Every structure is written in C-alpha cells, then in structure tokens.
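The next block holds one structure in the form of structure tokens; read it before the comments.
The values are calculated or read from the model by the stated rules, or taken from the named source; none is laboratory data. If you're wondering where the values come from, they're calculated on a predicted model, not measured in any experiment. Because the Cβ atoms are built from the backbone with ideal geometry, glycine has one as well, and the counts that use them run over all protein chains shown. Calculation scope for accessible area: heavy atoms of the full protein, side chains included, ligands and nucleic acids excluded. Shrake-Rupley method; radii C 1.70, N 1.55, O 1.52, S 1.80 Å.
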Amino acid sequence: MGIQIDLDKCVGCGECLSSCPFGLLEIIAEKVYLREGCTLCGACQEACDYQAILIEAAAEAPAASDSYRGVWVFAEQRNGKLKSVAYELLSRGRQLADTLGTELCVICFGHGINEAQQLIAYGADKVYLMDAPALSSNQDDLYTKGLVELIEKYKPEIVIAGATSLGRSFIPRVAAILKTGLTADCTGLEIDPETGLLLQTRPTFGGNIMATIICQTKRPQMSTVRPRVFKKGTPDGRRKGQVIRVDFNKQRITSRTKLLSFIDDITEAVKLEDANIIVSGGRGVGKAENFQLLEELAGVMGAALGSSRPPVDDGWVSYSHQVGQTGKTVCPKLYIACGISGAVQHLAGMQTSEAIVAINDDPNAPIFDVATYGIVGDLFKVVPMIIKKLKND
Amino acid sequence: MVCLKQVPGTPKVNIDPQTNTLVRQGIKNIVNPFDTYALEEGVRIKERYGGKVTAISMGPPQAEEALREVISTGADEAILLSDSAFAGADTLATSHTLARAINKLKQYDIIICGRQTTDGDTGQVGPELAEMLGIPFVAYVSKIEEIDNGYMRVKRMVEDGHEVIETPLPTVITVVKEINVPRLPSLRGLARARSAVIPIWTAQELGADKNMVGLSGSATRVIRVFFPQRVHHGEILQGDLEGQANSLIDKLREAKIISGS
Amino acid sequence: MEYFLNEQQKTLKSLARRIAEERILPVRAELDEREEFPWGIMKDLAEADIFRIFIPEEYEGLGGGCFELCLAVEELSRVCSGVAVSYAASALGSFPLLEYGTEEQKQKYLPDIASGKRLAAFALTEPTAGSDASAIKTTAERVKGGYVINGTKQFITNGGEAEIYTVIALTDKARGARGASAFLVEKDTPGFSFGKKEKKMGIRASSTRELVFRNCLVPEENLIGKEGMGFIVTLKLLDRSRPGIGAQAVGLAQGALEAAVDYARKRIQFGHPIISLPVVQNMLADMAINVEASRALTYAVARTIDSGAKNFTEEAAMAKVFASDIAMKVTTDAVQIFGGVGYMRDYPIEKMMRDAKITQIYEGSNEVLRSTIAFELRKRKARRE
C-alpha cells in the first residue's frame, strides 16, 4: 500500500510538481521522484495525464460497525448558559441528521442549565443532560470521562463540538480514548451521498489549502467546528423531543486537575463575538495610541473593537481583540478593516462577515479581494471623515 | 520533554494566480513556531527547578535539523522518530508513536507541546498524547506559576479570560505564545548542537505495532485537497477621499447594513 | 570576498547577524531617537554567549581572538553602530585585565564580563588630555592599603552603565607619562560618581559620560600591572582594539552600501531606476571597492595579531584610519544617493552618516594615528641607514 511512480509512463512533464501541497515532487534526469512526507492525498495522481502515479487504496477495511447511529452535538456552556456555538452546530447537525435519516441528540454538561426545551425547539430529538454542581466549571477530566461513557453506551456515528478552547482541549482526549478519528476546526460538514460518510473540510497551512477528510472505519466520526462558521437556525416551538437526565456519579467520574480560580480579563464594552459591527485595526494603525481613533469610530457606530495579529503581538491591544487563525472567528453584519493587509490567517477569522469594508493605502492589499467596499487611502484621513459623516447626519 | 515538529517555513504560501497552484520554491523547513515557545518554557523550568530537557520529534530524516536547532537553544538531548512506516500519520497515529517513545524513556514529569502546528493547525496531538500516556492535560497555558511537591499550578487562556489550574505531575501541557519570548541560540549551544548525537528510533525500536502508526494507524485520511476559491464581487470606491467616505456610509445605509437617516 | 572562516567563525558571524537583524534592527531608530542604552540587546548578546568570545576559556570565555571580535562587531555595526560600540567598549575595558591582570584579578572580574553580567569600560581621556594622552591630570595617591584617586575623565563610552572600569591615573606626577598606572575601579565605590550623559551627534544609543573621582579609595589589589605601567598598558590596549574600531567602521559602511544599492534599484527617476545611471554606478562601485579594501585590511591585521605578531602598532593604526575614513565617505555618498529622503530622519541612512564621524575621532584621532604611522616609517628607514 502506498504511492508509486511508474517511471516508464512518466514523461517528465512536471505537471504534478505544482499540484503537491507539500512540494515533495522533483524532476531528476527528466523523471519525477518523490521525497519523504507524502500523505497520499492524491493531488498528483489527479494532475497526471499519463497515469504514471498510482496510489493503492488501503486494504479492504472491515466495514464500519453499523450499530453506530445518530448525530450528536456537544453543547458548551458557561455558568449555566449555553454558548451560541451550541445552537449553530445544532442547526447544522439537524441537517446532517435529516440527510442520514437518523436522530439528533445534544449532550449538555453543566449546572443550572434550563435551556433543554430550547434545544429541542432548535432541532434536537433528544437532550442528554448531566447537571451537577461539580460540572459548573469546565473541567476537562470530568467532561472527557462523562462524554466517553455516554458515547460508549449509546454509540453515535457522528459527534460534533465547538472548536473553542474547551472543545479543542477535551474532545481530542475523547477521540484518543475511543481510538477514533477527529478533525479539528472544520469549516464544512457534508454527508457523502454514496458512502454516508461525514465529509469534513478544514483549512490547513494557515488557510492556504483546504482539505477534505474522512474517518472511514472508526466510530464515532468526530469533528470540532469553529464558532460562527455555521449559522444559527430558527426555533420551532412545536417541535417535540426527549430530555434525558444523566446521573453524575461522583465516584466514577473524577478530575485529576483542580480549577483554582477564574480571572475575568475581558474589559471591552461590546463583546467581539456578539457584535453586529466590528471596527478592526491592523499593522497600518502604526502604534498603540492610534487605536483611539478606531475606538472613536467604534463608539459612534456602537461597534466592537477588533484587531489582526500584529497589533496584539506588539502590545497595542490585548489578545481578546484578536481576530483570525489564532484569535477569534467573527461573523458580524459589518466588518471594517482599517490598515489590515488581509493575510490569509486574518481572513480565516472574518471572511464570512456579511459585509466587509476595507480601508488601506495599498491598492494591492489582499483585503480588497474580499471586501464588499474598499477605500484606497490613508486611514488617518478616511476614518475621521467617516466619523464626521456619521455624526453630522 | 518537549514534542516538536518541523514544518515548512512560510505559512503564507504563494498561490500562482494563473494556475491556482502552490508556489513552493525555496521554502526552508523550520521548527514549528509554537514549539519554540514550548522548548523555551522547558528550558526555563530547567533553569528554575533543575532537570533535563529532552526534545522529541516524529518526522522524515531532515527533521534532525530542527532537533539540532533546539539543542542550540537549550535542549539537553534530542531524539528523532523516523521510519517510512510513520508516514501519512494523522494525529491519532502521531500521538501513539510519540507515546511509545516517551514510555520507552520512562522518566518524565512535564511534557510540553506547542498549541498547534502551522501546517496541520489541529492542536490535537497534545491532548491525545496525554490520554495515551494516561496522564492529565492542560491546554493553552500562558504561565507556569509554580511547581512544587508533585503538583504544578498554571494559568491558562480561555476565550473570556484566564483560569488558574492545579495539576498533579506527570502532566502534558500545550503552551501559547504569550507564555514567553524564545531565546536566541548561544555559541556554546550551537557548538553542542553541531556535535550532538541524535538517535533515530524506528518502529522496530519502539516496538510499535505497524497497524497503530503511520497511515495504517490513522483513523482519518485526506481524500481531497483544493484551493479555496475567492470570488471577488466587491467595489473599490473612487473619487476624492471625503467623497468616498460619504459614499461608503450612504451605500451601507442603503443596503441596510447600518441604520441611518 | 570569501575569507575562508572556520566553522566557529561562521557560526559566530551568522549568530551575530541574526541578533542584529532580529533584535537590533527593529529598535535602532528608537534607541537613536531616545538616546537610550540598549540594555535589552546587551542581555540578548550575553545569552547568546557573544561576550564570551574575547575572554579566555579559563575564565568562562570561549577563547576567541581579535579576528572573532572583529567579526562580531562588524555584524552588529552593520545594523547599529551605537549598539556595536557599547559591546566593543566592554571588550576594550577588559583588555588591561586580560593582558596585565593577576590571576586573582582575572578570576574575580573576567567571568562576569564573559557572561555579560557586568559591562566594562576603559577611562583615559580627560578635558585636557585627548590626543595628548600624557597630559592627564587624574592622580592616584598611594595611601595605606590602597590608592586615593582624584580627577575627572571625559567622554567615557559605557560610562554610567558599566560596572567595571579600568582607569589610567598618575601615581607619580614627576615622571610624566612614565608615572601613570592602571587601576580597576568598580561602580558604586565611594568617591566615584558620574557626570551628565553627553548628547552626541551619532552613536546615540551608546552612553558617554564623565567619570568623577573625589577621594575615591581603591584597594591596592586593584592596581593592574605595576606602578608606572599605565601608558604601556594603554598603548598595548589601543593597538589591540583599533582593528575593532576598523571592524565597526567596516560594518557601518557595509550597511550603508547595502541600503544605497537597494534604494538605487527601487528609485525611479526619468523612467528608470537611478542605479542605471553611470554616475550612480560609479559611486556605488567606488563605495564597494573601498568597503572591501577596508574589510580586507582590517581582517588581515586582526589575523596577524592573532597569529602572534609582537609589534603591530602601525598596522592596527592603518586599519583604523583607512576603515574610518572610508566609512565617513561611504555613508556620506549613501545619503547622497538617497537624495532628499536620505536627509529625512524617517530613513535609516542619515543616522549612519552621523554614526560614522566618531570613528575618525576616537581611539586615536586619524591625525594622531597618521603621525604614528609616519613615525614608524621614519624609524624603519632610520634603522636601515
């Protein structure tokens, strides 16, 4: 099993060289050779017109256990209130479950949660609720063990969770214990019409390349999804469903780590993730003091303040404002990017915004490729003009 | 123990607009930037509390360069896990391989990983590794406050603030870049790196089951790779700047994106 | 040109360049603007073992020679001369100990200098004694258990920042130059204080201060060498450090040359980049020739010294004079190539021109050094007759 290049068929045209996302192919003496690191993605096989590249399929794997049924969504909470990402995933989960003709269950751990009915209204067929004081703070160990137990008992075929700091830290542990596959930070989830497998699409190389991944034989197929990738649906109060209370047995489920305290660092008035309008600054802002201009615009518009990575790295704004690959993903109605070049890592965090306005003095800045409206100009001139217009009208 | 990965140098990979394919000439391999923070933290722990820093990487033979680099910035020793059987591994198989190597080393107190790599971006190896070793895990550590008496107290980042967590040792942590500023190599470090002997452990030496590593040991696999399409349907405004600013607001109001008069 | 560096030298050069580009480059304009001492960079250099290169292995150093020091100084100076000289001055301040110190003195002070924990400085110049070094007035009066130092030193690089000072003072006024001795004085010794920080034309990141000695008592074990050896120590030290100034000038000129070439390629006038104009090409060619020549001379002198040459006063002076004159010309020409923007402080080139001037003045003004070289020429000719 593996990849083979038939040197007799290879004519050395080099078409495959640029298709390899990892740059592992090279031409030596007019034939193609492959360096180490191949992930068998098949891009080169597709690119070759001479059938010189052969990727053998894996040996017939035993068919996945048919006894795994159902789509599960893990709903994250903070202080008894469910996070928006839970509802976003629920809506998408509902669509996946409908395609598969199977049920949708929501798993909820926490304390003082009273949104179970609402979850049903948004599409859940069942809600497994484990409510106990010990679960009020997000303790990885408790959540991990709790979810593993439920999965082993009820055997869902698909489990999805938010790619939040909680999700990205405990879901991989669940996957490792169950020895199953997990795909992180998915931006797309589809069901393959032929195989019924979950097709998980995610960005790699900072968003430069998209990869579609499957978990062929292991179950459940697990994915984490970034907040704001899917849209929250509309609730239907007439929907019926079951709320199943799960017993939290302290003896069985314990935590090795202890949460000593929580420090609330967030100081901004309008929370970035929930804002309808975001005014965001990048390297073009120049220095920390200049962010005051953007704050003024944000104030006039009732917007939240965002930032690309460079101003955070340089200490001009705090990390809680960072939008992008290693920051927050946002999807406001309006995203105003000032002095932001539009590097792929930043776009990954905001390109699904409904409307994007870009203000940059470099006409070639990539941000203009995604902007709905672009102004090529000095932000220090343009932003005050916008503020003036908004105040005068 | 610090787990690191060698990744391609520029995450900003250029796309040839005509062929819509990657332009990858002359991109150097580097240590995954987040892993340099992990290594630096390991060295700082050693400086504060004593101990030994071992760097481990699973990768092709050229990953040895990355290991030498971290010896020059403070790792005491390094081990490369390399075997054609390891190729094509997803995070499950990678974690399994790393876990076998770590278990072979027997003595370990703190295992540090970077929060994610710039090529895979999954951030899954840290937590999966912890489960395979059967030890606790804390993600996104932004500060190690104290290590005492078999316990470690850390501060970690979450979306809306920080949590202070206490974990028993041994433990796995992943770190964020806010945790420190990695040091430059020193001349003595570079000399040590040049002459260091880096053992290469194969699947056989790890006693690894071929079905648990590499592509065979992967639960997931990539079936398709494509380049994201960017459809440009925006408008670059024209005219003098003040006119553009006014026109922008008018258009946003008209499209009901913002409220207005 | 390929100078065939060995493995360690290549490593040193590339590490010094990395520090210069990653740590110094982002802050050099601000350090210059604010006249701020680069403590952060001194710390980076210390962590990278760069201070160890001029200290022998027995004292926790890496045992490099004059050439290694030149390599490091050149790379740092290519990005910022002010930072480079702060580093080089610490080497200068340690030379008296290296050459003439007792075992105890070396064990006591050199490890801290090697680790970069403490910086050193050398103090000779006084208001009345610049080129005429023998006109110093600072005295060191022998008392029970030590010496009492009185006087003022002027324009001391690293003054106020360094903690270890090697100071030249008169122990026997009657004997003139032969009555001077070298002392080691630590910062915070009672009676030792600093004057104001000078406001300079260039190398503004470097701290230049007066040292004020008022009945400053130093213990007798702080005498370096023997009484009366002060000027021998000084002359030996300056011979050894002059190639370092040469290297500082070479690096500075190299940085200016690279910036000028880069600008000339990008600046379009009359429809073409100005580098296509013969007048600019000639300027750049002459700049390149001279930078390479000053590098070759400096390296040759450094290697000669490291190979064990006994007398190298003339050669060391030549390297310093030539390289510093070249640096002044090259940086001036570079500003000229930049044209109008070259005059603007937003661009890094005017700083390089301001930084260059001092290399022609300190560590022996070029006039004094020319006279030294002429003297050597006469001496040699006289011997042959």
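Going by accessible surface with a 1.4 Å probe and the largest first, B:D148, C:D49, A:D378 read B:D148, A:D378, C:D49.
Relative to one another, the C-alpha centroids of region C:272-298 and region A:155-209 are positioned 59 Å apart.
Within straight-line reach of C:K379, meaning a Cα separation under 17 Å, sit the following aspartates and glutamates at least 8 residues removed in sequence or on another chain: C:E314, C:E315. Would you please classify the overall shape of chain A from the alpha carbon gyration tensor, given that a ≥ b ≥ c denote the square roots of the eigenvalues, rounded means a/c under 1.5, and beyond that prolate means a/b larger than b/c while oblate covers the rest? Taking the square roots of the gyration eigenvalues as a ≥ b ≥ c, chain A is oblate.
Heavy-atom accessible area for A:R309, with the other protein chains in place and a 1.4 Å probe, reaches approximately 90 Å².
For the set C:V261, C:V218, the ranking by accessible area, highest first and with no ligand, DNA or RNA atoms included, is C:V261, C:V218 under a 1.4 Å probe.
Restricting the trypsin sites (Lys or Arg not before Pro) of region A:286-393 to loop positions (DSSP other than H, G, I, E, B) with no more than 11 neighbouring Cβ atoms within 10 Å leaves A:K287. Using a 1.4 Å probe over protein heavy atoms, the accessible area lost on pairing B with A, summed over both chains, comes to approximately 8000 Å². Near the amide H of C:L217, within less than 5 Å, lie the amide hydrogens of C:I149, all on another chain or at least 5 residues away, with H placed in the peptide plane. Taking all protein chains together and rolling a 1.4 Å probe, A:T201 ends up with roughly 20 Å² accessible.
Legend: residue pairs C:K199/C:K351; A:K145/A:K328; C:K153/C:K199; A:K83/A:K258, Cα-Cα distance threshold 18 Å; pairs beyond threshold, A:K145/A:K328; A:K83/A:K258.
Couplings 3J(HN,Hα) for region B:124-141, derived from phi with the Karplus relation 6.51 cos²θ - 1.76 cosθ + 1.60 (θ = phi - 60°), are 8, 4, x, x, 5, 4, 4, 5, 5, 8, x, 10, x, 9, 10, 9, 6, 6 Hz, where x marks Gly and Pro. Taking all protein chains together and rolling a 1.4 Å probe, B:S218 ends up with roughly 20 Å² accessible. Which percent, nearest 5, of DSSP beta bridges in chain A are antiparallel? Taking every DSSP beta bridge with both residues in chain A, the antiparallel ones total about 30 percent. Peptide B:135-146 is shielded by partner chain Cβ atoms: per residue, an average of 3 of them sit within 10 Å of its Cβ.
For the residue pairs A:K126/A:K333; C:K43/C:K200; A:K391/B:K251, alpha carbon separations beyond 27 Å are given by A:K126/A:K333. The distance linking region C:122-175 with region B:127-200 is 52 Å (Cα centroid to Cα centroid, whole angstrom). What the phi angles of region B:203-208 give under the Karplus curve with 6.51, -1.76 and 1.60, with θ = phi - 60°, is a coupling list of 4, 5, 5, 7, x, 7 Hz, glycine and proline written as x. Between the residues B:G161, B:P61, A:P220, the greatest Cα displacement towards the positive end of the dipole of the protein assembly as shown, with unit charges on the Cβ of Lys, Arg, Asp and Glu, is found for B:G161. Across region C:41-161, C-alpha contacts under 8 Å between residues 6 or more apart give a mean separation that, scaled by the residue count, equals a relative contact order of 24 percent. Comparing mean-square fluctuations of A:R78, A:R92, A:R168 from a GNM of chain A with C-alpha springs under 10 Å, the top value falls on A:R78. The amide H of A:I244, built 1.01 Å from its N in the peptide plane, has A:V127, A:Y128, A:L129 as neighbours under 5 Å, considering only residues 5 or more places off or on other chains. Within the straight-line cut-off of under 18 Å between alpha carbons, the lysines reachable from B:K210 are A:K179, A:K218, B:K104, sequence neighbours fewer than 8 places apart in one chain being disregarded.
Relative to one another, the C-alpha centroids of region B:30-86 and region A:85-101 are positioned 42 Å apart.
Secondary-structure-derived ellipticity at 222 nm for the protein assembly as shown, considering helices only, amounts to -11500 deg cm²/dmol, per-run term -39500 (n - 2.57) for DSSP H runs with n ≥ 4. In this structure, the amide hydrogen of A:G374, modeled 1.01 Å from its nitrogen in the peptide plane, lies closer than 5 angstrom to those of A:A358, B:E235, B:I236, B:L237, counting only residues at least 5 positions away or on a different chain. Sorted largest first by accessible area at a 1.4 angstrom probe radius, with every protein chain in place, the residues C:W39, A:W72, A:W316 fall in the order C:W39, A:W316, A:W72. Per residue of peptide B:111-122, the mean number of Cβ atoms on other chains within 10 Å of the residue Cβ is 4.
Candidate cross-link partners of A:K31 among the aspartates and glutamates, defined by an alpha-carbon separation under 16 Å and a same-chain spacing of 8 or more, comprise A:D6, A:D8, A:E15, A:D49.
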